[in-house]
Amino acid sequence: MPPFHLIDPTRLGVELSYTLIVVFLCFSIYYKTREIYELTNHEGIHYFRLTFVFFGFAYISRFIFISLKLMGITFDIDFPRYIFGNFPLVLVGYFSTMAILSLTYSILWKKLNIKHIFLIFNVIAILISSIAFISRSSFILTITQAVLLIFTSIIIAYYIMSKSGKISQLYMLYILFILFWMVNLVALGPRRFIPFEVQTIFQIISVVVIGIIYHRVGKWTR
């Protein structure tokens, strides 16, 4: 008979609290910007809002996977191997990639104005997730998203410099989100190589940053 393992209540509590806070703030930001989008029908605001929706779903997917894994260990449930192997990469990879692409397009929509851009984003996100799934490597997913983040950061820097170096409230939100994402490239990645204490520190930093974003969005939409 295999040894009986108990769910670590500390880890599960931290994961649950962290996920609930991040998801709540993401969807709250989406809700807070609803009125200004309905009044202006601004394409950039639309994709800015979608950024937080997709990021929230990425965290929900990640937490469901962690919960299933801990349940499997505790109650000796033999889940199919792909559930704990590559499948989580598909969900987290898809939603998080869609979030980055939405953020980038929210800046570039006036310059690009591409038809069916949402469909193109889905194709790109599915392609990246599929590569991560086939290669069985979260490292590829992390590198791909890091490249997208660097590209978005360059775009933001260019727009700030083109406006005499002045940083508007909107671009400050973009900068904060980039910082938030950099921290979460670790938080969304594989956990087995990162001590629990270090994970918790990254989670606290993430909550603080997204809390600042939430506060600034509240001031911006008043």
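A short reminder: the numbers here are calculations on the coordinates, not readings from a lab. Note that this is a predicted model, so its numbers are computed, not measured. Cβ placement follows ideal geometry from the backbone for every residue including glycine, while neighbour counts extend to all protein chains displayed.
General remarks:
- Paramagnetic reach from residue 162 in region 87-127 [backbone N under 16 Å; point 7 Å along Cα→Cβ]: 104-114
- Counting every other Cβ atom within 10 Å of each residue's Cβ, 35, 15 order from fewest to most as 35, 15.
- Estimated inter-spin distance, residue 64 and residue 182, nm [label 7 Å along Cα→Cβ]: 3.2
- The residue 115 and residue 17 beta-carbon pair, evaluated with R₀ = 35 Å, returns a calculated FRET efficiency of approximately 0.25.
- Stretchable slack from residue 215 to residue 146, in nm (0.36 nm times residue separation minus alpha-carbon distance): 22.2 nm
- Inter-label distance for residue 28 and residue 123, nm, one decimal - labels placed 7 Å from Cα along Cα-to-Cβ: 3.9
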